[in-house]
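The values are calculated or read from the model by the stated rules, or taken from the named source; none is laboratory data. It should be emphasised that the depicted structure is a prediction, and the values quoted were computed from it without experimental measurement. As a convention, Cβ positions derive from the backbone with ideal geometry for all residues, glycine included, and neighbour counts pool all protein chains shown. The area values use the complete protein model at the heavy-atom level, side chains included, leaving out ligands, DNA and RNA. Shrake-Rupley method; radii C 1.70, N 1.55, O 1.52, S 1.80 Å.
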Amino acid sequence: MQDTLNFRTTTGKPLTPPSNPTFPLKPPNFPSFSHRKTATKFLSSKTTTIPPLKPSQTPPKNNLIPTSPDPEFQAKFLFLDSIGLDSLSLLPPSAIAAAPSLSDLKSSFDYLTSLGFSPPQLRRIFTMCPEILSLRFHDTAPVFAFLLREVKVPASDLPRVICSRPRLLVSDVETRLRPTLYFLQSIGIHEVNRHTNLLSASVEDKYMPKIHYFEKLGFAYHDCVSMFRRFPPLFCYSVKENFEPKFNYFVVEMGRDLKELKAFPQYFSFSLEKRIKPRHQTCVETGVCFPLPLMLKMKENEFRKRLDVCCNSSMPKSNSPLWVY
């Protein structure tokens, strides 16, 4: 592992990156985005067209071209408008101004389209992360190569992975993505391609403080790691808004054993007000105690049926196999 990664691991074996198959660093020879049936015309000296909106979509508020004295700015605005990206309402002018030249912008769109991104997906990632507009295609190629070679993301899943976490494209492979990958692998999360949204966060700033939080509560380090390995989305939750109120309720109100949290860290994924409190209070009122996973994972109808069975059934006879001394 690199010197920058000073983490405790569950194994002593060093992590080595997987082999690197070939990956196209240059955009392949494919038709221009303007020639695709799913897209609209690129920049035109007379008119620009926007793809028809779906019934659930809201019409753009303003399609007027900004009166900027910069002709390059206007050209980039018209290009973004031509693919259905309402720049005036969705993107700050600074994002458009920071975008590369019009030709580079078109090349980036063509490159992303060749990887399977649809116009709606492109609009989504640029709206969620406008910084992507400032990238050229050769800036994003290393990220795609990393996802394919080292994270083992299938090529067909690249659009879905980026749409769920667009910030991956503006994350540096050497200083952010690869160290985070090695950390996740070091604690036993080997199928990182199922948790790619974790790769863009800082290990030192985001992940280690959450592990240390559970250590302060009395969990051993290996138990903390086991909880995050068993349920990786735990890394995404806030300490103040999630861990603290739910842990306090678990200990003070529910009075349960910490071993249940070690075995079922998914507890933190349930709503405190809508699921945890109502289920626990119902169990207290009826005198029933379900195991934590059973109490929270059941649908409401099934939960009520289980309660009825427990409340209305009689005690087993002494000669029954269900009898407990």
The range 180-288: helices (runs of 4 or more DSSP H) wholly inside it with 3 or more residues that are within 25 Å of residue 306 (Cβ to Cβ) are 258-263, 277-286
Would you mind stating whether residue 217 is open to solvent by less than 10 Å² (accessible area, probe 1.4 Å) and either among the aromatic types (Phe, Trp, Tyr) or touching a residue at least 12 places away in the same chain (Cβ under 8 Å) (or both)?
-> no
Looking for whichever is within 22 Å of residue 77 (Cβ to Cβ) and either open to solvent by 40 Å² or more (accessible area, probe 1.4 Å) or not in a helix (DSSP H, G or I) (or both) here; the options are 123, 167, 160. Which one fits?
-> 123
Applying the selection to the range 126-157, what residues are in contact with a Ser or Thr (Cβ under 8 Å, 6 or more places away or on another chain), open to solvent by 50 Å² or more (accessible area, probe 1.4 Å) and modelled with pLDDT under 95?
-> 136
Looking at residue 237, is it in contact with a Leu (Cβ under 7 Å, 6 or more places away or on another chain) and at pLDDT 90 or above?
-> no
Hits in the range 225-235 - residues which are open to solvent by 30 Å² or more (accessible area, probe 1.4 Å) and either free of Cβ contacts under 8 Å to residues at least 12 places away in the same chain or more than 14 Å from residue 267 (Cβ to Cβ) (or both) = 229
Exactly one of 302, 285 is at pLDDT below 95, among the acidic types (Asp, Glu) and surrounded by 10 or more Cβ atoms within 10 Å (Cβ to Cβ), and that residue is 302
For residue 117, indicate whether it is open to solvent by less than 50 Å² (accessible area, probe 1.4 Å), over 30 Å from residue 225 (Cα atoms) and not in a helix (DSSP H, G or I).
-> yes
Would you mind finding the one in 207, 182 that is within 15 Å of residue 146 (Cα to Cα) and buried (at least 18 other Cβ atoms within 10 Å of the Cβ)?
-> 182
Residue in the range 250-308 that is farthest from the chain's Cα centre (by Cα), counting only those that are of a type in the set (Lys, Arg) and under 30 Å from residue 220 (Cβ atoms) | 256
With the checklist (1) free of Cβ contacts under 8 Å to residues at least 40 places away in the same chain; (2) surrounded by 14 or more Cβ atoms within 10 Å (Cβ to Cβ); (3) aliphatic (A, V, I, L, M) in hand, flag the one item residue 239 doesn't pass.
-> (2)
Per the list (1) open to solvent by 40 Å² or more (accessible area, probe 1.4 Å); (2) assigned to a helix (DSSP H, G or I), residue check on residue 177 breaks on (1)
Residue check for residue 222: open to solvent by 50 Å² or more (accessible area, probe 1.4 Å) and touching a residue at least 60 places away in the same chain (Cβ under 8 Å) | yes
Show the residue pairs that are 6+ apart or on different chains and have beta-carbon atoms under 8 Å apart, the first residue being within the range 191-214 and touching a residue at least 60 places away in the same chain (Cβ under 8 Å), the second being surrounded by 13 or more Cβ atoms within 10 Å (Cβ to Cβ) and hydroxyl-bearing (Ser, Thr, Tyr).
-> 203/180
